[in-house]
Amino acid sequence: MLMIQSSVIFTLTFHKHFVIYEVRGGNYMESLISTAESQNPQTSDSPYSANDTQSQYTLQIKLRSSVVEEFFDVPRMKIHRWEEAGKIQAGHEEHGSRKIRYFDAENVRKMVDLLGRKQNVDGTYTYAIWHNKGGVGKSTVVFQLATMMSTLMGLKVLVIDTDGQADTTHLFNAEQEVPLDTDDFIDQRSICDILYDLMDPHNHTEESLKESFEDTKKTILPGLDLIPSDDRVVELDYDIRELKGKGIITEEKGDESFDLSSVALLKKFISFVQETYDYDVILIDCSPDLGDMNVNVLFAADCLLIPVELEPKAPHSLKRVYNRLIKLAKMHESFSFEKLLIVPNMNERHDVKAVVQTRIRDMLPNFSSRITLTKTTTVVKAIGQRLPIFNYQDPNAKWMAKIPEPAKRLTNELWDLCHEMLNLEEPKPDHHGLFKPKGITNAQ
């Protein structure tokens, strides 16, 4: 037990309450617990009631009319005709003395259909976004890819967050507000609940799987759903390891039966989703480790995307990742990927980074993406506002200002990466669906 003998000032910020406590000797932890209890009244009108925490998880995307015209290269009059015909509907916001027109995600998707730009994807692509190193931008990449694929490409996307830090869940504004001194997650289910359900073979029926999925899924945007995560993933990782040899999931090969209980639990769920729902893409955000939960993710995914920050030790980290994949492939014959992409992320034009990128491409030439995602402070600002990069606008800019050039550049890079991931036709510089670099026109 921690004892504080001298005077301590403890500052607690909690749901808009700012409280300062002074503890002189005595039991510090008891003071902390009593403080938490005083801030968590068990009443029906508590600010942490289920009704409040389940209120609104949907992201708000508002693309200005001028941005839509530029990105899709569509004349303003055509958009007006669609509005007059009731095919789309613009929203309006006051900006000083002017009224700004914008389109939300649902209406942007309608325009994608009207323009015949919805991408045709063959089957369901299931991507794990994984690296054993933290801070390489996995969650940010998942957030940007998912919002772009669903809104600008018209695809149906499912994101599954399996990271105990739940950064992706936070970015999609779907995290659960939990009071101090409680493990109560109220009514919010997560990927943990789905996998705990699957640990009971009685829950492997189609009806049980569907109920588990529907009770956990959250609709973030039109065409974009999320299975959230929470910090119970740490406990789940241990519980998955304990399943080894229990025969919950087996694979028959000839006369032999192989127990896959500890590696194929998530694959059981993903296979059900692929067969039952019409998702074009499933993106799985992973924690930065080599634990049993991530082994389940790697078994469930058809494809693997590895974001890499171009720092001097990046090639060494990639060797560890590659060796881990080789080890899993040798242990289990069914372990394989249709596509593996190593994507340099947060790149800057710097001699050292160029050398590192060359080393990676020389080391793993067959798996290196042709796309490099640029580092820009704009994406940090956009993420801070929970906005896709294509929806970011400098709040200090004039009302008529469009998306900043760094945001356009990264949008183009992400757009190209989407095409590479989904084996779509490679976009051309004047391809519909790009912010054209300055100087490029349709005539060129």
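The values are calculated or read from the model by the stated rules, or taken from the named source; none is laboratory data. Model, not experiment: these values are computed from the prediction. With ideal geometry, Cβ positions are generated from the backbone for all residues, glycine too; neighbour counts draw on all protein chains shown.
A few points about this structure:
- Hits in the stretch 311-349 (condition: within 14 Å of Val295 (Cβ to Cβ) and either touching a residue at least 60 places away in the same chain (Cβ under 8 Å) or among the basic types (Lys, Arg) (or both)): Val321, Arg324, Lys327, Lys330, His332, Ser334
- Residue tally, condition of a type in the set (Gly, Ala, Ser) and either part of a strand (DSSP E or B) or modelled with pLDDT of 95 or more (or both), over the stretch 65-85: 1
- Candidates Leu341, Leu304, Leu328, Leu310 - the one that is within 30 Å of Lys408 (Cβ to Cβ), of a type in the set (A, V, I, L, M, F, W, C) and surrounded by fewer than 21 Cβ atoms within 10 Å (Cβ to Cβ): Leu341
- The stretch 128-170 - residue that is within 20 Å of Ile342 (Cβ to Cβ) and among the hydroxyl-bearing types (Ser, Thr, Tyr) and, of those, nearest to the chain's Cα centre (by Cα): Ser139
- Out of His95, His80, sole residue that is surrounded by fewer than 22 Cβ atoms within 10 Å (Cβ to Cβ), outside the structural domain of Ile389 (by TED's automatic domain parsing) and in contact (Cβ under 8 Å) with a residue 24 or more places away in the chain: His95
Conditions (1) surrounded by fewer than 20 Cβ atoms within 10 Å (Cβ to Cβ); (2) part of a loop (DSSP other than H, G, I, E, B); (3) within 19 Å of the chain's Cα centre (by Cα), marked per residue:
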{"residue": "Phe269", "(1), (2), (3)": "no, no, yes"}
{"residue": "Phe272", "(1), (2), (3)": "yes, no, no"}
{"residue": "Glu275", "(1), (2), (3)": "yes, no, no"}
{"residue": "Pro288", "(1), (2), (3)": "yes, yes, yes"}
{"residue": "Pro315", "(1), (2), (3)": "yes, no, no"}
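- In the set Leu145, Leu155, Leu180, only one residue is modelled with pLDDT of 95 or more and in a loop (DSSP other than H, G, I, E, B); that residue is Leu155.
- Hey, Asp122 within 25 Å of the chain's Cα centre (by Cα) and either part of a loop (DSSP other than H, G, I, E, B) or touching a residue at least 60 places away in the same chain (Cβ under 8 Å) (or both) or not: yes
- Boolean, His170 is at pLDDT 85 or above and in contact with a Lys or Arg (Cβ under 8 Å, 6 or more places away or on another chain): no
- The stretch 72-110, subset under 13 Å from Ile61 (Cβ atoms) and among the aliphatic types (A, V, I, L, M), residue farthest from the chain's Cα centre (by Cα): Val108
- Condition check for Phe335: within 27 Å of Ser262 (Cβ to Cβ), part of a helix (DSSP H, G or I), in the same structural domain as Ser261 (by TED's automatic domain parsing) and in contact with a Phe, Trp or Tyr (Cβ under 7 Å, 6 or more places away or on another chain): no
- Residue selected from the stretch 352-392 under the condition touching a residue at least 40 places away in the same chain (Cβ under 8 Å) and of a type in the set (S, T, N, Q), by the criterion surrounded by the most Cβ atoms within 10 Å (Cβ to Cβ): Asn391
- Within the stretch 105-130, considering residues that are touching a Pro at 6+ places or on another chain (Cβ under 6 Å) and surrounded by 18 or more Cβ atoms within 10 Å (Cβ to Cβ), the one nearest to Met346 (Cα to Cα): Ala105
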